[in-house]
Every structure is written in structure tokens, then in C-alpha cells.
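Here is the structure we will look at, set down as C-alpha cells.
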Amino acid sequence: MRSLAIPIFGLTLLVVACASGSGSQEAQPRRDPNVITAEELSALGPADTAHDAIRRLRSNWLTGRGGRNRRVFVDNTEMGGIGVLQSYRLSAVTELRLISAPDATRLWGTGFPSGVIQILTR
């Protein structure tokens with residue numbers, strides 16, 4: 001019985017070591033689902049507007065909770081609904097963010113039940 005315990009223990013150590021990874025693979029940076037960075041925008045390829053970029057990278061942003069449209073803010077100023085995204089050229093955009101309803105309420109007050117899409121410009 002004792003002779004069987006050592007190989008099982010050794011096998012267990014081997015399995016645990018393999019499962020923990022060797023560390024030789026480079027870790028990919030985690031992408032924030034609520035932010036579209038300048039790097040993502042530059043790697044996007046042909047896209048003209050903020051709407052095009054969001055449609056291709058995070059299409060779920062375009063529909064708010066319960067099918068309601070989100071409001072759009074540009075550099076902390078409310079500009080209107082989703083249609084505003086069509087008027088902002090990507091060349092002027094540095095970052096796009098999805099702000100949750102509670103965070104939008106904290107930042108700008110009530111009236112944003114579906115949250116806000118924030119455009120940060122150059």
C-alpha cells in the first residue's frame with residue numbers, strides 16, 4: 001500500500017504543476033468591455049464614425065436596457081441620443097466609454113436609465 005502512495009503523490013504534484021502553467025506564454029492584457037481605447041480604434045481598420053466603431057467593436061452598447069436608447073456625452077457635455085455618434089469622426093475620438101446608469105446618475109444626475117456612451121475627443 002505504501003509503495004502505491006508515493007507514485008500517486010508524485011502524479012498529483014505533476015498535474016498541479018502543469019495546471020498552474022509554465023509562465024512562458026505572454027499574458028494578453030484584459031480588455032475592458034466598457035472602454036474602447038485609442039489602440040482598438042487605430043487597429044479597427046476602415047471605420048469613419050464613432051457609430052461605426054461601436055457597431056463593429058461593442059454592438060451591445062447601441063441598445064440600452066429594455067430597448068431604450070442611451071444618451072451620448074461628448075467630453076462631459078450631453079449631446080443627444082445614439083444618432084449623435086454618426087456625426088463624430090474617429091479621427092477626433094481618443095476613447096469611447098459605456099457609463100452605467102448608476103454611474104451616469106452619480107456624474108450627471110437622473111434621467112439616464114440605460115446609461116451613457118461617452119466620447120472623449122482630442
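The values are calculated or read from the model by the stated rules, or taken from the named source; none is laboratory data. Everything numeric here is computed off the predicted structure, so don't read it as measured data. Reconstructed Cβ throughout: ideal geometry from the backbone, glycine too, with neighbour counts over all protein chains shown. Please note that ligands, DNA and RNA were not included when accessible areas were found on the heavy atoms of the full protein model with its side chains. Shrake-Rupley method; radii C 1.70, N 1.55, O 1.52, S 1.80 Å.
The figures follow:
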read-out	value
Where labels lie 7 Å past Cα in the beta-carbon direction, separation of Thr37 and Arg65 in nm	2.8
Order of exposure, largest accessible area first, which applies to Glu78, Glu40 with probe 1.4 Å	Glu78, Glu40
Solvent-accessible area per residue for region 54-122 (1.4 angstrom probe, square angstrom)	54
Amide hydrogen neighbours beyond the local backbone of Gly80, cut-off 5 Å, H modeled	Val72
Long-range amide H partners of Thr121 with built H, under 5 Å	Asp75, Thr94
Rounded to whole Hz, the Karplus (6.51, -1.76, 1.60) HN-Hα couplings of region 35-43, x for glycine and proline	9, 10, 7, 4, 5, 5, 5, 6, 8
